[in-house]
Amino acid sequence: AQSVAQPEDQVNVAEGNPLTVKCTYSVSGNPYLFWYVQYPNRGLQFLLKYITGDNLVKGSYGFEAEFNKSQTSFHLKKPSALVSDSALYFCAVRDMASNYQLIWGAGTKLIIKP
Amino acid sequence: EAQVTQNPRYLITVTGKKLTVTCSQNMNHEYMSWYRQDPGLGLRQIYYSMNVEVTDKGDVPEGYKVSRKEKRNFPLILESPSPNQTSLYFCASRTTPGQTYEQYFGPGTRLTVT
């Protein structure tokens, strides 16, 4: 079965430190992978996607994600965290089996402490 | 400004009283979708529409109805709401039904059914 896992409910990082939010997936075929961010009381916003090509994908707000096919992972990263990065982050993968709908992870709450 | 709008943003109702949550997008997107967000469960798709007059069930369609009579509008109807439908609801849209690219989300509707 196709699935997405975000193994951490919450990640705490000090401001200025690098951050990583983890995502692993299980799909048949080539994965299309996405990260979205949800700020408090807002809808989700697209951050970045991996379709094909370079394994390191750059997105909005200084975020990047690394696609690792052998580990079936797509971890979200940022070299230096800001307090304003505090939000809920969702990983998603395209599901070819269900008419190209997205399968969503449960979300990871990122807290950046000053 | 390109956007997805939802109304109302907050709604408290009683069991069994029919309600409609409206969703409208101004980007001429073919694809629209409804999700519900519950703590620890991430986003779960309720219904989606690939184009006008074309709708399909998502993962959790029970108790919901939708219609797509116009390209810009995709209302969510709860004919007889129950307390287990208390949730945060998001509408989303995107272009090109066959390609899962960036989705645009509305601001959300927080529904409480007592």
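What follows is calculated from the coordinates using simple rules that are stated; it is not laboratory data. Computed from a prediction, not measured in an experiment: that's the story for all the values here. Quick reminder, even Gly has a Cβ in these numbers, built from the backbone with ideal geometry, and neighbours come from all protein chains shown.
Given a cut-off of under 8 Å on Cα pairs at least six residues apart, what relative contact order in percent is computed for region B:11-50?
Numbers: 28 pairs, mean separation 12.9, N = 40.
Reported relative contact order: 32 percent.
Mind checking the mean number of beta-carbon atoms from other chains within 10 Å of the Cβ atoms in A:103-112?
For this peptide, the per-residue mean of nearby foreign Cβ atoms is 3.
If you place +1 on the Cβ of every Lys and Arg and -1 on the Cβ of every Asp and Glu, how big does the dipole about the Cα centre of chain A come out, in debye to the nearest 20? Could the numbers behind the result be given before it?
Numbers: 10 positive and 8 negative charges, 18 e Å.
In debye, rounded to 20, chain A gives about 80.
Using a 10 Å cut-off on Cβ to Cβ distances, tally the other chain neighbours for every residue of A:32-44 and report the average as a whole number. Intermediate values should be presented prior to the final figure.
Details: counts 3, 0, 4, 0, 5, 0, 6, 0, 0, 5, 4, 15, 10.
Shielding by partners across A:32-44 averages 4.
Normalised by the number of residues in region A:6-108, what is the relative contact order in percent for Cα pairs under 8 Å and 6+ residues apart?
Details: 208 pairs, mean separation 34.8, N = 103.
34 percent.
List nothing, just return the count: lysine pairs in the protein assembly as shown, 8 or more apart or interchain, with Cα separation under 17 Å.
21
Could you work out the local net charge near B:Arg36, counting Lys and Arg as +1, Asp and Glu as -1, over the other residues with Cβ closer than 12 Å to its Cβ?
Values: positive: B:Arg44, B:Arg110; negative: B:Asp38, B:Asp59, B:Glu62.
Computed value for this residue: -1.
Using the Karplus equation 6.51 cos²θ - 1.76 cosθ + 1.60 (θ = phi - 60°), what ³J(HN,Hα) coupling, rounded to whole Hz, does each residue of region A:30-37 give in order, writing x for Gly and Pro?
After applying 6.51 cos²θ - 1.76 cosθ + 1.60, I find 6, x, 9, 10, 9, 10, 10, 10 Hz.
What is the local net charge at A:Thr24, summed over the other residues whose Cβ is closer than 13 Å to its Cβ (Lys, Arg +1; Asp, Glu -1)? Spell out each step's value before the answer.
Details: positive: A:Lys22, A:Lys69; negative: A:Glu8, A:Glu66.
That works out to 0.
Could you work out, for chain A, what percent of all Cα-Cα pairs fall into each 10 Å distance bin, beginning at 0 Å and stopping at the bin that holds the largest distance?
That works out to 15, 49, 30, 6, 0, in percent per bin.
Taking the Cα centre as origin and putting +1 on Lys and Arg beta-carbons and -1 on Asp and Glu beta-carbons, what dipole magnitude results for region A:25-80, to the nearest 20 debye? Walk me through the intermediate numbers first.
On the way: 6 positive and 3 negative charges, 25 e Å.
My answer is approximately 120 debye.
Charges only on Cβ, +1 for Lys and Arg, -1 for Asp and Glu: so what's the dipole of the protein assembly as shown about the Cα centre, in debye to the nearest 20? It would help to have the intermediate numbers written out before the result.
Details: 23 positive and 18 negative charges, 78 e Å.
Once rounded to the nearest 20, the dipole reads 380 debye.
Would you kindly calculate the translational diffusion coefficient of chain B, applying Stokes-Einstein with the Kirkwood radius from alpha carbon pairs, for 4 °C and a viscosity of 1.567 mPa s, and quote it in µm² s⁻¹ without decimals?
Values: Rh = 14.0 Å.
The Stokes-Einstein estimate is 93 µm²/s.
Can you check what the net charge comes to around A:Lys113, using other residues whose Cβ is under 12 Å from the Cβ of A:Lys113 (Lys, Arg +1; Asp, Glu -1)? Walk me through the numbers on the way to the answer.
Values: positive: none; negative: A:Glu15, A:Asp85.
Residues near A:Lys113 contribute -2 overall.
Can you give me the Kirkwood hydrodynamic radius for the protein assembly as shown, using every pair of distinct Cα atoms, in Å to one decimal?
Its Kirkwood hydrodynamic radius stands at 18.1 Å.
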